[in-house]
1. Percent of accessible area on the range 144-227 owned by carbon and sulfur, 1.4 Å probe?
2. Just the number please: accessible area per residue for the chain, 1.4 Å probe, all protein chains included, in Å².
3. Once R0 is set to 45 Å, what does the formula 1/(1 + (r/R0)^6) return for the Cβ-Cβ distance between N76 and D223, expressed as a FRET efficiency to the nearest 0.05?
4. If you scale each eigenvalue of the Cα gyration tensor by 5 and take the root, what three semi-axes come out for the chain, rounded to whole angstrom and sorted largest first?
5. Which trypsin sites (Lys or Arg not before Pro) from the range 1-65 combine a DSSP loop assignment with at most 14 other Cβ atoms within 10 Å?
6. By a straight-distance test (C-alpha under 21 Å), which lysines pair with K141 as possible cross-link partners, with residues fewer than eight away in the same chain excluded?
7. Report the calculated FRET efficiency for D155 and D116 (r = Cβ-Cβ distance, R0 = 35 Å), to the nearest 0.05.
8. State to the nearest 20 debye the size of the charge dipole of the range 1-153 about its Cα centre, where the only charges are +1 on K and R beta carbons and -1 on D and E beta carbons.
Amino acid sequence: EAYFSASRRLSGLRALVTSGPTHEAIDPVRYIANRSSGRQGHAIAAELARQGAEVTLVSGPVTLPDPPGVNTLHVNSAREMLQACEGALPVDIAICAAAVSDWRASEEAGQKIKKDGKEPPALKLCENPDILARLSASGAKRPRLVIGFAAETSDIAEQAAAKRQRKGCDWILANDVSAESGTFGGPDNRIILIDDQGQEDWPRSSKDAVAQRLAARIAQAFDRPHR
Ligand code: CTP
Ligand code: CA
């Protein structure tokens, strides 16, 4: 009860959020993954719901609990994530915070790959579908506001601006994921937001605070002032 008593500025809006890593199977016991914890995406889903939005969260494998008041769908691979996202349309807002594996094994072995005394096996990879780009180009079903993240280790603002163009999304939240930054899996984030007006630097803060700031900016974009 008390949890939902905050001003519900986003009520009546539908949102889709992706979060976490994906796992791409190599064989029945092995997979390709990454260090994403899902903390930022889950925090965003929770905050949008708290502000009254109807939220679908499509989550890769994480150790976090499902956020309260959020319809959470659990997937493993990028292809499953894409399918779940397309099934959640239409929405007003899509936020892609997942660290989707760029590649998967081109062939998933049906049996556990064994050491057979010869050369180690060569992993052949192929590219996964780009969920953010697909949502940005979903025609009549395109969400009115599509937001992506950009994980960069150098020239952060420049690379993120190029990524925004490439993906066709409206806003990009760029963050520094270099090893020194401690962002991946850590509690904090330092964001540079890029939209069609330019760039906005947000101070380093907790992932919850980033979620609040983003929710406020979304409310503004939909002309939902504080009541
Ligand atoms: N993304 C996605 N599907 C993919 C890859 C990325 O939806 N297959 C989304 C991420 O959720 C994020 C944005 O695209 O919102 C940018 O992800 P990022 O990994 O930074 O960019 P890539 O385009 O994959 O480029 P690269 O990793 O080579 O920098
Ligand atoms: Ca990537």
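1. On the way: 1930 of 4340 Å².
The C+S portion of the solvent-accessible surface of the range 144-227 is 44 percent.
2. Numbers: 11850 Å² over 227 residues.
Per-residue value: 52 Å².
3. Details: r = 38 Å, r/R0 = 0.85.
Once the sixth-power term is evaluated, E becomes 0.75.
4. Details: eigenvalues 198, 75, 59 Å².
For the chain, the semi-axes come out at 31, 19, 17 Å.
5. On the way: sites: R8, R9, R14, R30, R35, R39, R50; in loops: R8, R9, R35.
For trypsin sites (Lys or Arg not before Pro) across the range 1-65 that sit outside H, G, I, E and B with at most 14 neighbouring Cβ atoms in 10 Å, the list reads R35.
6. K167
7. Working: r = 44 Å, r/R0 = 1.27.
Between D155 and D116 the formula returns 0.20.
8. Values: 18 positive and 17 negative charges, 23 e Å.
Charge dipole, the range 1-153, about its Cα centre: 100 debye, nearest 20.
The values are calculated or read from the model by the stated rules, or taken from the named source; none is laboratory data. For clarity, every value in this text was computed on a predicted model and none was experimentally measured. Cβ atoms come from the backbone with ideal geometry, glycine included; neighbour counts cover every protein chain shown. Note: accessible area is taken over every heavy atom of the protein model, side chains too, but ligands, DNA and RNA are not part of it. Shrake-Rupley method; radii C 1.70, N 1.55, O 1.52, S 1.80 Å.
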